[in-house]
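Remarks on the structure that follows.
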Amino acid sequence: MTTAAAPHAAPHAGHAPMGFWRKYIFSTDHKIIGIQFLFVSLFFLLVGGFLAMQIRWQLGFPGRPMPGGGILPETMAPGGVILPEYYIQLVTMHGTFMVFFAIMPLLVGVFANFLIPLKLGAHDMAFPRINMWSFWTAFLAGMIMLAGFFVPDGAARAGWTSYAPLSARPDLSGASYGQMLWCISLVCLGLSSILGSLNYITTVINNRAPGMTWFRMPLSVWALFITAILGLLALPVLSGAAIMLLFDQTIGTHFFDPAAGGQALLWQHLFWFFGHPEVYILILPAMGMVSDIIANGSRKPIFGYHSMVFAIVGIAFLGWMVWGHHMFVSGMNPTLGSTFMVSTLIIAVPSAIKVFNWMGTMWRGNLHFHVPMLNAVGFVAMFVIGGLSGIYMAATPLDMFIHDTYFIVAHIHYVLFGGSLFALFGAITYWYPKMFGRVMSERWGKIHFWLTLLFYNCTFFPMHIYGMGGAMRRIYDPTQYDFLRPYQPLNQFITISAFLLFATQLIFFVNFWWSLFKGKKAEQNPWHDNGLEWTLPSPAPHGNWERVPTVYRGPYEFSSPEVAEDYLPQTRKLPTDREPVLAPVAGA
Amino acid sequence: MHWWLPLKASTFAGPIDGLFIAILIITGIAFVVVEAGLIWFIVRYRRRPGRKAFYTHGNARAEVIWTAIPAVTMVALGVISNHYWVQIKGRNSIPPNAYPIAIHAKQFEWQITYPGPDGRLGTADDFTVRNQLHVPVGQPVVVHLSSEDVIHSFYVPQLRVRQDVVPGMDIKAWFQATVPGDYELACSQLCGMGHYKMRARVTVHTQADFDAWMKQAAQAGTGGTGS
Amino acid sequence: MHTAQPHKHPNYLLIWLYLFLLTVAELGLAFELPISRNMKLILLLFLAVWKALLVALFFMHLKFERWNLRILAIVPLPLAAILILAVITEHIW
Amino acid sequence: MTHAAVAASAMRPPFPAERGVDVYNKKLGMWVFLGSEVMFFTALIGSYVILRFGAPGPWALPGKVLNIPVTAFNTFLLICSSVSMVKAYAAIANGDQKWLKIWFGLTILCGAGFVAVQAYEYTHLIHHGFLPSGYRDGSELAELAAANPVMYGQAVAGLYGSTFFTMTGFHGFHVTCGVISMLYLYVTRVLPGKYTKDDHAGVEVVGLYWHFVDLVWIILFTIVYLI
C-alpha cells in the first residue's frame, strides 16, 4: 500500500453553509481566526515600522524637517520637525506595537491558531467561540492603543516598559489620556492572550488525533504549547500591574508613588516578571517553526528531537527566574543581582543546544533552499548574534556599562527582528499555500530575503558599536552630547540602511497581496512535508477532516530508508506499523 | 568617532573592559564556529539530484559535548563576573575613605551638593551646584543619589559607572577616577521629554586643582559656575 | 456527554462545619491575645491555608482527580512564591 | 440530536491520542483558566505583601478602619454558597433535579448577598472617609488617625486604601461575574431541567470557578482584615 490511508477532506463536514459575516468576520474556524490575526498584525507591523522610520529620521538628521512630515499636526512635528514629546511617543509606541501587536500576535495569534489543530489532527480548537473572542479582544486592544495618537496630549510617553512613577504621573510625563489608554489596551490584550492560551493548552492536551503522542508532536506545536503556558501565566501579571498603574493615574491609589510609601521598583519587578517570559513568548514559537522548516529543507530528521523538546521546556522554566537581569542597575539588592546573573547565564545553555541541533540537522542533509528554508537559516545565523550579545548584558559588571545603551537596542533587534521576524517571513511563506491555496512568488521571496539580510545587518550591527561608545537609548537628539557627536555619520548610515530595510519590507507586503489574488495555485503538499496539514487540500477546508487521521510516526521522517521518496507522511501506514492503542475517552 | 570602548578613566574600566574582551573572545569563537559551519553546510550539502540525506535522529555524545561546553563556560563566566560585581556594587563595596557627594536628580537637571571644606555632608558649609560634577582624581568618590520625581540614571561612560536614581530610595554608588579631564554625565533612563538634555559636565581634577576649586566654589556658595 | 470519575461524595456539610469553625478560630485570633504578633501571624496564615486546602481538595475535588490534573493546578504556585520571595529580599538586605 | 450537536460531536476526535489528564475540555479549560487567575491575584496580593513589608510605617490595626463583624458575616455567606454549590453538583450527579434547583438557587442567593454586603461595606467606608487614596481630609477617619497615628497607620494610609480597594474590588468583580453566569445557567439550563445525571458539565465547571473565588476570599479575608 503505497498511498497513505489518506483521510478524506471534508469540504463542509457537518456544517451548514454560512453567510459572509459568520464565515469571515465573526468566524469560529481556527484557520479564519489565524488569518484575521495575520492581516491585523501585519498592519500593526507596518505601523510599528512606520514609527521606527520617524525615529530613525530624527536620530540621523536631528532638527531637520522630515520629508512628508508636514502632514503631521503642530503638536507632533511642526513643519515636519519632530518635537521631543512626539519623539518619546514614537519610541514608546514603536516598542509597544512591535512587541504586543505585531510579533506576539504574528507568532502566537496566527500560528498557534492555524497550526495547532491542523498539525494535531483536530477539527478545530477546543473552544472555537472563546477563540473568536480572543481575536476580537486583541483587535479592540490594538485599536485602543492606536487611539492614543488621537487624544489630547498624544500617546503614552513612558517607553514600552512604562517605568513608574513616570508613567503613573501625568504631570511628570505630560501624557494623560495616552498613558491610560496604554494601560487599558494592555489589560484587554492580556485577556485576549489568556483566552487564546487556555484554548491552545486544552486543545494540545485533549484533542490530538489517535497515534499523535506527546513525542510525535512537531516541534512547532511543542513550542506553541509551552508558549501558551508562558502566556497564560505571565499575561495576568501584566494585566494586574497595568490595572494598578491605571488606578494610580485615575483614582489616586499610591502603588508606585514613593511619596506615599509606594515603591517605584515594584512596577519593574512586576513588569519584568511578566516581561521575561514574554521575551520567550516572542522567540519560542519562532524556534519551533524554524525547526520544522529546517528539517524539511534539509530533508533530514531533526537532530536530537528529545533534547530540542527539553530545551524548549528548560528555556520556559528558567525564563521565570531571570527577570531581575533587566534591573541590575536599578538599585535592586545586589545579591539578588548575582542570583539573576547566574540563572541568566545558564539559560544560554538550552539556547546553544537548539542552535547546534539545527546545525546537526543540516549536517549531511540534502539542502533545498526554498524561501522558507533561506529565512530559517537566516534566523539561525542572526539569532546566534542576538543570543551571543545577550551574554554581555548577563555579566553584571559589564551590564553596568552597556545597560540602556544602543548595545541593548542592537541585541533586542537581533533577537526580535533577526530572530522572530526572519522566522515569520519563512513561516508565512511556508504555510501560505495551506492558508490561501496559492504560493507566494519564489523569486520575489528570494530578493526580499537577501536584501533584508543585507540592510538588516547594516542597520543593526553598527548599533553595537554605537552602544559600546556609550550612546544612551531614547535620546531625542544625540548631538546634545559631545562624546556622541562624532558618531553622527554612523547614525546617518544606520538611518539610510533602515530606510532601505523598510523599503525592502514593502516587497514582502506586495508579494503577499499580489500572491493572494494572482499567485500560482498551490498543490496539496508543495514542500513534500510529513505533517498532517499537508494531507488536506490547499486551502484547508472548514472543519479540516471528515474523519480524523491516524498517526503512525513522528513528523520528521525525511529520507527514511524504508521508502523510496525522501519524505514519509505521518499518516502513511507502512506494513510494519501498528495501529495506535487508544485510551478510553473521558467524556466524549 | 572611535570604534572601540571609550577612554578608560576609572578603576572600573580595567575589570569591565577585561570582561568585555573575554566575552568578545568567547562569543567570537562561538560566532565563527556557528556561522562558518552554516556556510560550510550550505555549500557542501546543497541539494543534488538523486542524492538522499543521511538518515539520523541524533547523536547523544555530540549533544552532551555541546551542552557541557557552554554550561561550563557560562558558570565560569558567572563566577568571574560575580567577583567584580561584589567589588563594584556589593553591599560592602564602598571604600570607607570615599569622598561623599550628594546628587539630587529632578526633571531635568542634576543638583550636586558638595560637602564643602570639612569633607562631610549634612553640615553648614555644604553647597549645591547645578549640572557641574567636580571630583578629584585617584580618590574614591561615593555619590548619594536621590530623585525628586521619576527614575533617572547616573551614567558617565568614561568612568564606566551607572546607577539608576530611584525616587523613594537612597542609593549610593562609588567610583574612583584615574584620568583627569572633562567628561559628560548623562541621564540614561527615560525621564520625560527633556530626558535628552539632562546632562551635566563632569570634571576630574588633580587633587591640587580640586582643592583650589573647592575653596573658590565654597566661597562663592553656588560653585561660581556661571551656569 | 459527561462522565465524571465515579467517586463517593464526601460529607460536604462536615467540611462546611470545619470551615465555619476555622473561621471562628481566626476571628478569635484577631482580637487581643497574650501571644506575640508574629505567632498570631503564623497561626492566621496556617488557618487560612488549611481552609483553602479544604476548599481545593474537597469542593474542587482535587483529592479525587488524577495526579496530572493536580500538577496542572499547582504549577502557578511556585511561580507566585518566586515573585513574592524575590521581591521581599529587596527589603531585608 | 440537533444539527449543532452533530456538528459539535464531529469536532472532537473519537479518542484522545493517549491518556491525558482524563478530563473533558470544558473542565480542563476551566482549570487552565484558574491557573491564570492565580497569577492575576498573585500580582495583586503579591504587591500588597511587598508594599506592606516595605512600608515606611505601621499598618492600621485590624478592626480600626474595616468592619470585621460585617465581613465575617460575608465570609460565612461565601462559605455557605460554596457548600451549597457542591451540594448542587452532588445532587445532579445523582440525577436529582429538585435539589439541584434548590442548592443552585441558594448559591446564587448567597453570592448575590455577598455582593450586596460588600457594596454596603464600600459605601460605609467611603462615607467614613476611607478612599483608595487614603483617609479623606476632614473626614471622621482622618481625625481619628490624626489623634492615633500609629493605631490607624496614618503614614501608610494611602497604601492601605490602594491595596484594600484593589484586592477586594477585583475579588468582588469576580464574584459578580460568577453570580451573573450562574444566574444565566439557572434560567437557561437548571430551571428547564436540561442538566442530567450524565450531562452536567456546566454545574461542575461554574462550580470550580465559584470555589476558586471562595478560596481567594479565604486568603484575602485573613491577610487584609485580620492581620
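Observations on the structure shown:
- Probe 1.4 Å, protein heavy atoms only - accessible area per residue of region B:99-220 in square angstrom: 33
- Sequence ranges D:146-153, A:297-304, ranked by mean other-Cβ count within 10 angstrom, highest first: A:297-304, D:146-153
- For the chain pair A and B, the interface hides roughly 8000 square angstrom of accessible area in total, found with a 1.4 Å probe.
- With respect to chain D, whose longest principal axis is taken over its alpha-carbon atoms, helix D:68-93 is tilted by about 10°.
- The lysines whose alpha-carbon is closer than 22 Å to the alpha-carbon of A:K573, local same-chain residues fewer than 8 away aside, are A:K119, A:K300, B:K52.
- Over chain B, equivalent-ellipsoid semi-axes from the Cα gyration tensor in Å: 50, 19, 17
- Rounded, prolate or oblate (a/c below 1.5 giving rounded, otherwise prolate when a/b exceeds b/c) for region B:110-159 by Cα gyration tensor: oblate
- Sequence ranges A:486-498, A:82-94, ranked by mean other-Cβ count within 10 angstrom, highest first: A:82-94, A:486-498
- Size estimate for region A:189-274 follows the Kirkwood approach: the inverse of mean 1/r over distinct Cα pairs works out to 15.0 Å.
- Those lysines that a straight Cα-Cα span of less than 16 Å connects to A:K518, excepting residues fewer than 8 apart in one chain: A:K434
- Across region C:9-60, the volume of the C-alpha convex hull divided among the residues equals 57 Å³ per residue.
- C-alpha center-to-center spacing [region A:488-502, region A:197-242] in angstrom: 39
- Across peptide A:297-308, the mean count of Cβ atoms from other chains lying within 10 Å of each residue's own Cβ comes to 5.
- Only protein heavy atoms count here, probed at 1.4 Å, and on that basis chains A and C bury about 1400 Å² of accessible area in total.
- Peptides ranked, highest mean first, by Cβ atoms within 10 Å: ranges B:92-103, A:324-335: A:324-335, B:92-103
- For chain C, the longest principal axis of the Cα atoms and the long axis of helix C:76-88 meet at an angle of about 10 degrees.
- Kirkwood-Stokes translational diffusion coefficient of region D:58-145, alpha-carbon pairs, 4 °C, 1.567 mPa s, µm²/s: 86
- For region B:124-188 and region A:372-419, distance of Cα centres in Å: 30
- Report summary: the helix-based calculation at 222 nm, which adds -39500 (n - 2.57) for every DSSP H run with n ≥ 4 and divides by the residues of chain A, gives -18500 deg cm²/dmol.
- Remark: mean inter-chain Cβ contacts per residue of A:388-394 equal 5, using a 10 Å Cβ-Cβ cutoff to other protein chain atoms.
- Point-charge dipole on Cβ atoms (K/R +1, D/E -1) for the protein assembly as shown, about Cα centre, debye to 20: 3220
- Counting Cβ atoms of other protein chains within 10 Å of each Cβ in B:68-79 and taking the mean gives 5.
- With every protein chain in place, chain B: carbon and sulfur % of accessible area (1.4 Å): 61
- Per residue value of the accessible surface for chain A (all protein chains in place, 1.4 Å probe), Å²: 28
- Region A:377-454 - Debye-derived log10 I(q)/I(0), Cα point model, q = 0.22 Å⁻¹: -0.95
- Eligible lysines near C:K63 by straight Cα distance, threshold 18 Å, same-chain separation 8 or greater: C:K8, C:K51, D:K27, D:K87
- Between the helical axis of B:207-220 and the longest alpha-carbon principal axis of chain B there is an angle of about 50 degrees.
- Size of the D/C contact, given as accessible area buried on both chains, probe 1.4 Å, in Å²: 4300
- Stokes-Einstein diffusion for region D:35-226, with the hydrodynamic radius set to the Kirkwood value over Cα pairs and evaluated at 37 °C in a medium of 0.692 mPa s, equals 183 µm²/s.
- Heavy-atom accessible surface of chain D: percent carbon and sulfur, 1.4 Å: 68
- Around the Cα centre of chain B, unit charges on the Cβ atoms of Lys, Arg, Asp and Glu (plus for the first two, minus for the last two) sum to a dipole of about 1620 debye.
- Rounded to the nearest 0.05, the FRET efficiency derived from the C-beta distance between A:L516 and A:E565 at R0 = 25 Å is 0.25.
- Taking the C-alpha atoms of the protein assembly as shown, convex hull volume expressed per residue in Å³: 177
- Percent accessible area from carbon and sulfur atoms, region C:9-60, protein chains only, probe 1.4 Å: 80
- Shape category assigned to region B:99-220 from the gyration tensor of Cα positions, a/c cut at 1.5: prolate
- Cα-derived Rg over Rh, computed across chain A with Rh taken as Kirkwood radius: 0.97
The values are calculated or read from the model by the stated rules, or taken from the named source; none is laboratory data. Predicted model, so just to flag it, every value in this text is computed and none were measured. Counting neighbours? That spans all protein chains shown, and the Cβs are built from the backbone with ideal geometry, glycine included. The accessibility values were calculated without ligands, DNA or RNA, using every heavy atom of the protein model including side chains. Shrake-Rupley method; radii C 1.70, N 1.55, O 1.52, S 1.80 Å.
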